[in-house]
1. Which distance in nm do the two modelled labels at LEU120 and PHE92 give, with both placed 7 Å along the Cα-to-Cβ direction?
2. Which value in Å does the Kirkwood hydrodynamic radius of the range 11-138 take, with 1/r averaged over all unlike C-alpha pairs and then inverted?
3. Can you give the net charge of the other residues whose Cβ lies under 11 Å from the Cβ of PHE92, counting K and R as +1 and D and E as -1?
4. Need one number: nm distance between label points at GLU38 and GLU19, each 7 Å from Cα along Cα→Cβ, rounded to one decimal.
5. As an exercise, use a Förster radius of 30 Å and the Cβ-Cβ distance of ALA79 and PHE27 to find the FRET efficiency, rounded to the nearest 0.05.
6. Provide the net charge surrounding ASP70, with neighbours chosen by a C-beta distance below 14 Å and charges set as Lys +1, Arg +1, Asp -1, Glu -1.
7. Sequence neighbours fewer than 8 away in the same chain don't count; with that in mind, list the lysines whose C-alpha is under 20 Å from LYS100.
8. Work from the charge dipole of the chain (Cβ charges, +1 for Lys and Arg, -1 for Asp and Glu, about the Cα centre) and give the residue of ALA39, SER82, VAL51 farthest towards its positive end.
Amino acid sequence: MARPDQNLPKQILVIDDDESVMSFLSFSLRGEGFVVLEARSAEKGFDLLKVNSPDLILLDVMLPGMSGLDMCTKLRDDARFSRTPVLIITAFADRNSLAKVAAAGAQGLIEKPVMFSELLVQVLDAFAGRFTMPTRLKYAS
């Protein structure tokens, strides 16, 4: 799938403590031409944000220490990252989760197990400023 602005690769910060999820996301996103930064906790993510300004942040809900939702809220309070798109990753996606994600200021919710085609659509939508409901949740009865 083609990305707008092909001349400047977008930088994505992935924050997830699950090694297999991190490997999958990093490998897949790099394969689409994105520059990927990796952190295993909110604390490490904040450390990377001291010296980087990613174009998008993929953030797991359940992290050691601070939760992904709490980190997202803190990012929204920081002028440097208040407009940076954030997509929350969770294994527990339901309409209640979607409301919490939106309240934290994220642009979307990605369900585990992550399907890369859905992730890519959400990443591109987030870059375009659109909040996207997960496809599997959208069609759940």
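1. 3.1 nm
2. 14.2 Å
3. Within the 11 Å Cβ shell, the charges total 0.
4. That separation, rounded to one decimal, is 1.0 nm.
5. Once rounded, the FRET efficiency stands at 0.35.
6. Here the count lands on -1.
7. Candidates past the 8-residue exclusion: LYS74, LYS112, LYS138.
8. Farthest towards the positive pole: SER82.
Every number in this text was worked out from the coordinates using simple rules, so none of it is lab data. Quick caveat: nothing in here was measured; it's all calculated off a predicted structure. No Cβ is skipped: glycine too gets one built from the backbone with ideal geometry, and neighbour counts run over all protein chains shown.
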